[in-house]
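**Q** The structure follows.
Nothing in this text is a laboratory measurement; each read-out follows from the coordinates by a stated rule. For clarity, every value in this text was computed on a predicted model and none was experimentally measured. In this analysis, Cβ positions are derived from the backbone assuming ideal geometry, glycine residues included, and neighbour counts consider all displayed protein chains.
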Amino acid sequence: MSAGSPQRAHATPTAATPMAFARAIAAAYRRYGQNPGPALRLAQITPAILQQRDARMTSRQMEVLSGTAMQELDDEALGAFSRRVRWGSYGMLARASLTSPDLGIALKRWCRHHTLLAEDIRLRLVVSGASAAIVVDERGALGEGVEGREFCLVHVLRNIHGLACWYIDSRIPLQGAHFPFAAPPHADVYRHLFPGPVEFNAAQAGIRFDARYLSLPLRRDEKALRQMLQHALPLTVRQYRRDRLIVQQVRQALVARPAEAHSAEGLAGLLHMSARTLHRQLKEEGASLQHLKDEVRCERAKDLLYRTGKPVKQVAAATGFRNEKSFIRAFREWTGVSPAQFRQAEK
């Protein structure tokens with residue numbers, strides 16, 4: 001710290017990660033005949049705290065413990081499967097999908113290749129209408145006991161969700177997450193692990209999101225991959241403020257629910273964000289709300305002028321203008337011609 005600079009109090013890290021996950025990692029050590037003590041001490045987790053059923057740890061403690069365990073056990077799955085997933089395997093999966101033309105192809109490759117590493121689960125990309133899902137088919141016992149199974153499913157789904165966000169450099173909001181076990185005592189933490197609706201006692205584990213993300217191109221290269229793998233453990237969706245579907249989502253809302261989307265506050269509410277966040281994300285994508293509104297109104301006006309015989313005054317009202325004169329002026333700015341000239345040219 002330079003002389004004269006103000007000192008700032010460091011915020012105490014929030015201990016939100018369930019200690020059940022640390023117990024699952026400790027069980028992996030015992031499975032391989034190794035002592036988890038040194039790794040637990042490195043993460044500053046005492047034996048007494050480890051056994052407290054409702055105890056929590058910080059994300060940093062979890063990062064230190066899991067990272068140490070993966071290397072010491074040479075198992076990136078941390079004892080979840082019937083055979084080790086050797087250190088570097090998940091990096092290899094990420095690299096094998098890096099040349100995919102879009103996220104959908106990348107996820108299909110990742111799921112298919114994962115089966116080569118671990119036969120205990122099968123991951124599938126399922127598209128149904130406007131939604132896409134990553135579904136986990138369990139083919140064998142996962143981890144040690146109830147906590148081991150839970151940790152495995154959480155670990156796998158967090159991994160693929162974080163990687164998908166990283167591939168396209170975008171936040172991918174979840175429409176839902178579901179798990180095939182009863183709500184654990186620490187169920188409250190799932191709203192942070194999988195932001196969105198969470199269902200327990202489901203038929204199988206999985207996450208669901210907007211299928212339009214699948215068509216987005218990958219934005220990473222080999223250099224970016226090498227950098228990411230150096231710090232892959234803390235990779236989460238929270239670091240991505242950007243949502244590369246925001247422009248499409250705004251357009252859809254403006255078309256489908258024009259009355260509610262008339263103001264920035266109303267539109268932001270439909271998209272479950274603040275007006276400030278909406279404007280920021282649009283700016284990050286090189287767009288503005290007014291420009292998108294004009295695009296939608298222009299397309300609506302063109303459609304009415306082309307398909308119907310409505311007078312220009314009625315077209316103006318239907319597209320949100322208070323009077324015919326302001327509509328004609330705006331339409332000429334958008335297209336270079338007047339509404340009457342456009343209608344005549346389209347005949």
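**Q** Report the antiparallel proportion of the DSSP beta bridges in the chain as a percent, rounded to a multiple of 5.
**A** Details: 21 of 23 bridges.
Approximately 90 percent, going by the DSSP bridge assignments.
**Q** While we're here: Arrange the following residues from fewest to most other Cβ atoms within 10 Å of their Cβ: Cys298, Cys111. The partial results should precede the final answer.
**A** On the way: Cys298 16, Cys111 20.
Taking fewest neighbouring Cβ atoms as first place, the list is Cys298, Cys111.
**Q** Let me ask something additional. Give me the net charge for the shell around Val315: Cβ to Cβ below 10 angstrom, other residues only, Lys and Arg +1, Asp and Glu -1. Each step should come with its number before you reach the end.
**A** Working: positive: Arg300, Lys302, Lys310, Lys313, Arg343; negative: Asp303, Glu324.
Value of the local net charge: +3.
**Q** At most 16 other Cβ atoms within 10 Å and a DSSP loop assignment: could you name the trypsin sites (Lys or Arg not before Pro) in region 227-329 that fit?
**A** On the way: sites: Arg238, Arg241, Arg242, Arg244, Arg251, Arg276, Arg280, Lys283, Lys293, Arg297, Arg300, Lys302, Arg307, Lys313, Arg322, Lys325, Arg329; in loops: Arg241, Arg242, Arg244, Arg322.
Of the trypsin sites (Lys or Arg not before Pro), the ones in loops of region 227-329 whose Cβ has at most 16 other Cβ atoms within 10 Å are Arg241, Arg242, Arg322.
**Q** While we're looking at this one, here's another question. Scan region 75-111 for trypsin sites (Lys or Arg not before Pro) in coil per DSSP, keeping those whose Cβ has at most 16 other Cβ atoms within 10 Å, and list them by number.
**A** Details: sites: Arg83, Arg84, Arg86, Arg95, Lys108, Arg109; in loops: Arg83, Arg84, Arg86.
Loop-located and lightly packed - Arg83, Arg86.
**Q** Around Gly140, under 15 Å between beta carbons, what's the net of Lys plus Arg minus Asp minus Glu among the other residues?
**A** Numbers: positive: Arg31, Arg83, Arg84, Arg122, Arg139, Arg149; negative: Glu119, Asp120, Asp137, Glu138, Glu144.
Local net charge: +1.
**Q** Hey, another quick one. For Glu199, list long-range residues whose amide hydrogen, built 1.01 Å from N in the peptide plane, is under 5 Å from its own amide hydrogen.
**A** Under 5 Å from the amide H of Glu199 lie the amide H atoms of Ala177, His178, Phe179, each far enough along the sequence or on another chain.
**Q** Separate question: So which trypsin sites (Lys or Arg not before Pro) in region 112-197 are both in a DSSP loop and have at most 14 other Cβ atoms within 10 Å of their Cβ? List each step's numbers first, then the result.
**A** Values: sites: Arg112, Arg122, Arg124, Arg139, Arg149, Arg158, Arg171, Arg191; in loops: Arg139, Arg171.
Within region 112-197, the qualifying trypsin sites (Lys or Arg not before Pro) (loop, at most 14 other Cβ atoms within 10 Å) are Arg139.
**Q** If you don't mind, another one. Determine the shape class of region 290-346: with a ≥ b ≥ c the square roots of the Cα gyration tensor eigenvalues, call it rounded for a/c under 1.5, and otherwise prolate if a/b is greater than b/c, oblate otherwise. Display every interim value, and only then the final one.
**A** Numbers: a/c = 1.38, a/b = 1.22, b/c = 1.13.
Here region 290-346 falls in the rounded category.
**Q** Can you list the aspartates and glutamates whose alpha carbon sits under 18 Å from that of Lys310, skipping same-chain ones fewer than 8 residues off?
**A** Result set, ordered by chain and number: Glu299, Glu324, Glu346.
**Q** Counting only other residues whose beta carbon sits under 14 Å from that of Ala202, what net charge do I get with K and R as +1, D and E as -1?
**A** Details: positive: Arg149, Arg208; negative: Asp137, Glu138, Glu150, Glu199.
With Lys, Arg at +1 and Asp, Glu at -1, the neighbours total -2.
**Q** Quickly estimate the mean residue ellipticity at 222 nm for the chain, helices only: each DSSP H run with n ≥ 4 gives -39500 (n - 2.57), and the total goes over all residues, rounded to 500. Mind dumping the intermediate values first?
**A** Details: 16 runs with 174 residues, N = 347.
The per-residue figure over the chain is -15000 deg cm²/dmol.
**Q** Which residue, Ser338, Ala69, Ser288, has the largest displacement toward the positive end of the dipole of the chain when charges sit on each Cβ (Lys, Arg +1; Asp, Glu -1)?
**A** Going by the charge dipole, the pick is Ser338.
**Q** Let me make sure I get this right: for region 1-158, a, b and c are the square roots of the gyration tensor eigenvalues over alpha carbons, sorted descending. Under 1.5 in a/c it's rounded, otherwise prolate if a/b > b/c, else oblate. Which is it?
**A** Values: a/c = 1.97, a/b = 1.35, b/c = 1.46.
Note, shape of region 1-158 comes out oblate.
**Q** A further question follows. Listed here are the pairs Lys302/Lys325; Lys108/Lys293; Lys283/Lys313; which of them are more than 27 Å apart at the Cα? Could you put the intermediate results ahead of the total?
**A** On the way: Lys302/Lys325 17 Å; Lys108/Lys293 36 Å; Lys283/Lys313 34 Å.
Correct reply: Lys108/Lys293; Lys283/Lys313.
**Q** Something else: Could you check the simple spin-label distance between Glu333 and Phe181, using points 7 Å along Cα→Cβ, in nm with one decimal?
**A** Using points 7 Å along Cα→Cβ, the separation is 5.9 nm.
**Q** Using θ = phi - 60° and the Karplus curve 6.51 cos²θ - 1.76 cosθ + 1.60, what whole-Hz ³J(HN,Hα) does each residue of region 278-292 get, with Gly and Pro shown as x?
**A** Here the 3J(HN,Hα) series is 4, 4, 5, 5, 5, 4, 4, 8, x, 10, 9, 5, 5, 5, 5 Hz.
**Q** Relative to the longest principal Cα axis of the chain, at what angle does helix 103-117 sit, 0 to 90 degrees, rounded to 10?
**A** 20 degrees
**Q** Would you mind classifying the chain by shape? Square roots of the alpha carbon gyration tensor eigenvalues, ordered a ≥ b ≥ c; an a/c under 1.5 is rounded, otherwise it is prolate if a/b is larger than b/c and oblate if not. Spell out each step's value before the answer.
**A** Values: a/c = 2.63, a/b = 2.15, b/c = 1.22.
It comes out prolate by the Cα gyration axes.
**Q** Take the Cβ-Cβ distance between Asp169 and Gln290 as r, set R0 to 25 Å, and report the resulting FRET efficiency rounded to the nearest 0.05.
**A** 0.45
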